[in-house]
Structures are given as C-alpha cells and as structure tokens.
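Colleague: Handing you this structure, nothing more for now.
The values are calculated or read from the model by the stated rules, or taken from the named source; none is laboratory data. The model shown is predicted, which means the values in this text are computed figures rather than measured ones. Positions of Cβ are generated from backbone atoms using ideal geometry, with glycine treated the same way; all protein chains shown enter the neighbour counts. Quick note on the areas: whole protein, heavy atoms, side chains included, nothing else; ligands and nucleic acids left out. Shrake-Rupley method; radii C 1.70, N 1.55, O 1.52, S 1.80 Å.
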Amino acid sequence: MRKTTVAALVFIGTIIFSEVVGFGVSTLIMRAVRAFGGPPAVKIDLQSKLGCPSGSLADLKRRFSDDTLKLERGADSLFICSDNSINTTVEDAPRVLAREFPGCLNYITGSLRMLRESDAICALPDNRGYICDGVKGTEGQGIDALGTQSSVVSLCTPETLTKFGFALGF
C-alpha cells in the first residue's frame, strides 16, 4: 500500500512539475517570437475606384491599437486614391506612405500630416474628407505645401470626383 501511495504522489508531482515547466517554456517561446519575429505585416490597397475606401488613413489608424500614430491637418479624413498597393509593416506604414506620396503626406516623429496646400489634395463636398490623387501625389510639393491647420483646401473638381468614383451629389 505504501508503494502505491508513493508512486501516486510521485506521478502527481511529476504532472504538476511538467505543467509548471511547460507553461514557463511556452511563455518564453511566445516572448521570443514577439521579440524576434518582427512586426506584423500589412498590405494597404489603395483603390482608385469606388471612393477609395481602402485608401482611407482613418482605416489605417485603426490598425494602430496603441494610438502611436497621430494623423494631423486633415490626414484622418484623407482618401489616398492610387492603383498601387503597398506591402509593409504596421510600424513602417506611416513612413512608407509619406515616402510613396510626398505630394500628399509628410511624416515627422510619429505624426502623419496632410499637405493642405498641395496640388495633389482636394476637399470633398460638405466637409466629408479629402482626396489624395495618387499619381499627382508621387511628386514632391515642397515644404510650403504643408500649409497650416487653418489652410483652406481647394474643392475637388467634378472631373476628380468622377475619376475616383465619388458621387457628384455627394
């Protein structure tokens, strides 16, 4: 009887020990994957039709759950209309977008700013947001195009609205 009790206690002790060590090992593996696995990848589709819903920077901001990305000067309402799709990481997305569309965006230390006085940017009717013409946006506009927060953005022409799939009566 004594051997059976000792064997049962050793068996239970072994199970508990392996669970504790196993949990510790799995925790270490998860931490290593996070540390060395790199940031998550993201593909940004910038549709040039149907109102560019995938090109919205407000949608991009939702991928930054920790609010590290600040969208300023109207960037939170900007639709980037381009046939390009960008493959990058969540961490690098703001810098890549500013590099791909220097005529529309400027990136400075965690802040993605819309160039309010750029020829590549126009305003949608009724303050519904802004459009970045992806083709025009690939050309740098200079620092003056950044404008100020109160700079008025010119309204989109009917041709631009039609080109990118926005309704004229918007």
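Colleague: Do any helices (runs of 4 or more DSSP H) lying entirely in region 75-170 carry at least 1 residues that are among the β-branched types (Val, Ile, Thr) and open to solvent by 60 Å² or more (accessible area, probe 1.4 Å), and which ones are they?
Modeller: 134-137, 158-163
Colleague: In region 145-153, is there at least one residue being more than 19 Å from Thr88 (Cβ to Cβ) and at pLDDT 90 or above?
Modeller: Yes.
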